[in-house]
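To keep things clear, I will list the structure first and then write my remarks on it.
The values are calculated or read from the model by the stated rules, or taken from the named source; none is laboratory data. All values derive from a computational prediction rather than experimental measurement. Positions of Cβ are generated from backbone atoms using ideal geometry, with glycine treated the same way; all protein chains shown enter the neighbour counts.
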Amino acid sequence: SWSNHPRQGDEATIEAFIKNFGSSAPKRYSYREIKKITNQFHDNLGQGGFGKVYRGKMSRSKRALIYEFMPHGSLDKFIYSQGSNNQSRRLEWKTLYDIALGIARGLEYLHQGCNTRILHFDIKPHNILLDNNFCPKISDFGLSKLCERKESVISMACARGTVGYIAPEVFCRNFGRVSYKSDVYSYGMMVLEMVGGRKNIDVGVSQTSEVYFPSWIYEHIDQSMNLNLKRVIAEEEEEITRKLIIVSLWCIQCDPCDRPSMTKVLEMLQGSLQLLVI
């Protein structure tokens, strides 16, 4: 990645990071070189669930893909951050809601907005990058698969994804067929972690009933403000919190047929809380 105006501290960090690679260190390019490679950023390949991507043409006919720089890094550090800086890294509920909404829009684009449906198969906080305004970008398409728009299911030789976010049908066909609904499950598990400020499975909690967060939050959703979440919920933020929880619980149902599409998820997130049932 690159930045037009790196801060002095960032520059030192980057230099130290590259130095660790020794003789195999990656080549760095200046902003001027990047502008030349991308024809002044005119060769824009597209923009969707993963942000802007530019085509780069280098020497000896080598090609490159140039992505936007994401100064806030990945979402996980704002969910699981520990220690004295923990409080300062927590995001406001409105920001969390906007991030969840942005990711949903990105996934809907991948599922419905492309000529060929793209199934990501590794939606998790570590693969969500945040720009300067905390606008989320879906990254790491290494496990993704293409699916014809007319087809709703795909065949897979083996399970793919990250434990804790993998839909049940991906590793056991008894739960149903693998489809874009598998991304919906991963999205729901991720948003629950955003709400809880913790991993969905945490054996270090004080009460055994709280080890699996999705089950615990389902049992306590009717307790209004008394959800005992790590983030304080102001009265005006309760609607956002409950909406995120209810939509997430819909997304993580075991039967893929019972999960909403990402189009429906967007409708639920932007609609009235009173219309949501669990």
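Remarks
- Hits in segment 112-131 (condition: assigned to a loop (DSSP other than H, G, I, E, B) and surrounded by 14 or more Cβ atoms within 10 Å (Cβ to Cβ)): Cys114, His120, Phe121, Asp122, Ile123, Lys124, Asp131
- Tally, over segment 134-153, of residues that are assigned to a loop (DSSP other than H, G, I, E, B) and either out of contact with any Asp or Glu (no Cβ under 9 Å at 6 or more places or on another chain) or outside the structural domain of Leu101 (by TED's automatic domain parsing) (or both): 5
- Looking across segment 148-183, the residues that are among the hydrophobic types (A, V, I, L, M, F, W, C) and either crowded, with 19+ Cβ neighbours inside 10 Å or within 23 Å of Ser215 (Cβ to Cβ) (or both) come down to Ala159, Val163, Ile166, Ala167, Val170, Phe171, Cys172, Phe175, Val178.
- Segment 21-47, residues that are surrounded by 10 or more Cβ atoms within 10 Å (Cβ to Cβ) and among the basic types (Lys, Arg): Arg28, Lys35, Lys36
- Hey, Glu193 more than 21 Å from Ser74 (Cα to Cα) and either in contact with a Lys or Arg (Cβ under 8 Å, 6 or more places away or on another chain) or assigned to a loop (DSSP other than H, G, I, E, B) (or both) or not: no
- Every residue from segment 197-220 that is touching a Lys or Arg at 6+ places or on another chain (Cβ under 7 Å) and either in a helix (DSSP H, G or I) or surrounded by 23 or more Cβ atoms within 10 Å (Cβ to Cβ) (or both): Phe213
- Here His42 passes the criteria (1) of a type outside the set (A, V, I, L, M, F, W, C); (2) modelled with pLDDT of 70 or more; (3) assigned to a helix (DSSP H, G or I) except the one numbered (3).
- Within segment 130-150, the set of residues being under 22 Å from Leu65 (Cβ atoms) and in contact (Cβ under 8 Å) with a residue 60 or more places away in the chain comprises Leu130, Asp131, Asn132, Pro136, Lys137, Ile138, Ser139, Phe141.
- Total residues in segment 47-91, condition of a type in the set (Val, Ile, Thr) and either farther than 27 Å from Lys27 by Cα or modelled with pLDDT under 80 (or both): 1
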